[in-house]
1. Under a point spin-label approximation (7 Å from Cα along Cα-to-Cβ), what is the residue 60-residue 103 distance to one decimal in nm?
2. Listing 88, 44 from the residue with the fewest other Cβ atoms within 10 Å to the one with the most, what is the order?
3. If neighbour count is taken as other Cβ atoms inside 10 Å, put 66, 38 in order from fewest to most.
4. Quick one: if you stick a label point 7 Å off each Cα along the C-beta vector at residue 53 and residue 36, how many nm between them?
5. Taking the beta-carbon count within 10 Å as an exposure proxy, list 94, 56, 35 from fewest neighbours to most.
């Protein structure tokens, strides 16, 4: 793998990685997995007044999956909940130079993002 500097940085030191305690009731979460690709992704969002205050994520997957989830998680704080509908796996693919054969992993991220928005719009 000839990984970009951003990919390496995000894989080795992802920001926003982890979860909040379940006692934090001001959050929404979304989870998706693809067992055939051996990947799963979970996002936890702190929400207040229709705005995303903070994001945490967890990933099991390849470095591309980690980097893409990290990049997207960093883009969400301060955004309205409608930003969840703007997720574009192809944009992340271009930004991180993700090979076409890894696009399915980004689609799992998309499913987890969409699951965060279920029932909170």
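We did not get these values from a lab; they are worked out from the coordinates using the rules stated. None of the values given here were measured: they were computed from a predicted structure. Every residue, glycine as well, gets a Cβ built from its backbone with ideal geometry; the counts of neighbours run over all protein chains shown.
1. 2.7 nm
2. Numbers: 88 12, 44 22.
The most exposed by this proxy come first: 88, 44.
3. Values: 66 22, 38 12.
Neighbour counts put them in this order, fewest first: 38, 66.
4. 4.1 nm
5. Details: 94 10, 56 18, 35 7.
Fewest-to-most ranking of 94, 56, 35: 35, 94, 56.
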